[in-house]
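The values are calculated or read from the model by the stated rules, or taken from the named source; none is laboratory data. Not measured: the values here are computed from a predicted model. Note: ideal-geometry Cβ built from the backbone for every residue, glycine included; neighbour counts use all protein chains shown. Note: areas computed on protein heavy atoms with side chains; ligands, DNA, RNA excluded. Shrake-Rupley method; radii C 1.70, N 1.55, O 1.52, S 1.80 Å.
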Amino acid sequence: MSGNGPALVCLRLWFAVGLAGCAVLLYACLMPNPPSPGISNFDKVEHFAAFAVLGTWFGGILAPRYWAVLFGLLGFGLLIELIQSGIDYRSGDPLDFLADGLGVVAGIGLARLGAMGWLRYIDARVAANGNRSG
């Protein structure tokens, strides 16, 4: 199943939700003492997972603009690492950026396989309800 389909009716809302997710991730990446399970390099797993979620989300709502999603999220990941390298209580890490990139690619792959079908269903229901009340 492809992530392509008709344009989302509530695209602005879904895009805003994605940007809110980016803001939460930015905060988590810049907080002074983030929670940690104490497992060595676990932050790479966190980076991969966070960017896989964002890649799936934006890949699903912006299909078929996968290149824009890829480069936009890679830019966001790079920005996070640059900011972290500029503050004294955090440090930028190229391996975090690599994990970000791998997560984005995995997320876009999931979106292309139809992982965001549930949101398209909700969006279609909102559109159907809007047409009934008008």
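If I filter the stretch 76-91 for residues that are closer than 18 Å to GLY21 by Cα and aromatic (Phe, Trp, Tyr), do I get at least one hit? Yes: one or more hits.
Exactly one residue out of ARG65, ARG112 is farther than 18 Å from ALA20 by Cβ, in contact with a Gly (Cβ under 7 Å, 6 or more places away or on another chain), among the basic types (Lys, Arg) and open to solvent by 60 Å² or more (accessible area, probe 1.4 Å), and it is ARG112. Just one of the numbered conditions (1) open to solvent by 80 Å² or more (accessible area, probe 1.4 Å); (2) under 30 Å from ALA124 (Cβ atoms) is not true of TYR89: (2). When the stretch 26-53 is limited to residues that are of a type in the set (Gly, Ala, Ser) and more than 15 Å from the chain's Cα centre (by Cα), the one that is surrounded by the most Cβ atoms within 10 Å (Cβ to Cβ) turns out to be SER36. If you scan the stretch 51-87, which residues turn out to be under 19 Å from MET116 (Cα atoms) and either without any contact (Cβ under 8 Å) to a residue 12 or more places away in the chain or among the aliphatic types (A, V, I, L, M) (or both)? Those that are under 19 Å from MET116 (Cα atoms) and either without any contact (Cβ under 8 Å) to a residue 12 or more places away in the chain or among the aliphatic types (A, V, I, L, M) (or both): ALA52, VAL53, LEU54, ILE61, LEU62, ALA63, ARG65, TRP67, ALA68, VAL69, LEU70, LEU73.
Of all the residues in the stretch 8-25, those that are open to solvent by 50 Å² or more (accessible area, probe 1.4 Å) and of a type in the set (Phe, Trp, Tyr) number 1.
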